[in-house]
1. Could you tell me how many of the residues in the range 8-44 are assigned to a strand (DSSP E or B), in contact (Cβ under 8 Å) with a residue 24 or more places away in the chain and open to solvent by 60 Å² or more (accessible area, probe 1.4 Å)?
2. Based on this model, can you work out whether S49 counts as of a type in the set (S, T, Y), at pLDDT 90 or above, open to solvent by 80 Å² or more (accessible area, probe 1.4 Å) and not in a strand (DSSP E or B)?
3. If you go through the range 57-73 one residue at a time, how many are touching a residue at least 40 places away in the same chain (Cβ under 8 Å), surrounded by 13 or more Cβ atoms within 10 Å (Cβ to Cβ) and in a loop (DSSP other than H, G, I, E, B)?
Amino acid sequence: MLAASQSTASAAPSITSIPAVVFAGDVFVIDGNGFTNGSVVNFFVATASGAINVGPLIPSNRTATQLTVPIPG
């Protein structure tokens, strides 16, 4: 006899939109799907000597479809 089972694996988060430009001291929103309470953001900044990671940044607000992220000034 075959029985149906429900998968408990969750899909990886995906991003559907981010702002084109973000300034230091601003707050920006990432839209997408699959975000969780543990979601964080790695934020890369272009500099004259190459990109640097200014993260992980902890969102000030999280839903399953949106992360609100403050950028240090």
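1. The number of residues fulfilling the criteria is 2.
2. yes
3. Qualifying residue count, the range 57-73: 1.
The values are calculated or read from the model by the stated rules, or taken from the named source; none is laboratory data. All values derive from a computational prediction rather than experimental measurement. Reconstructed Cβ throughout: ideal geometry from the backbone, glycine too, with neighbour counts over all protein chains shown. The protein model used for the area step is the full one, side chains on, heavy atoms only, and it has no ligands, DNA or RNA in it. Shrake-Rupley method; radii C 1.70, N 1.55, O 1.52, S 1.80 Å.
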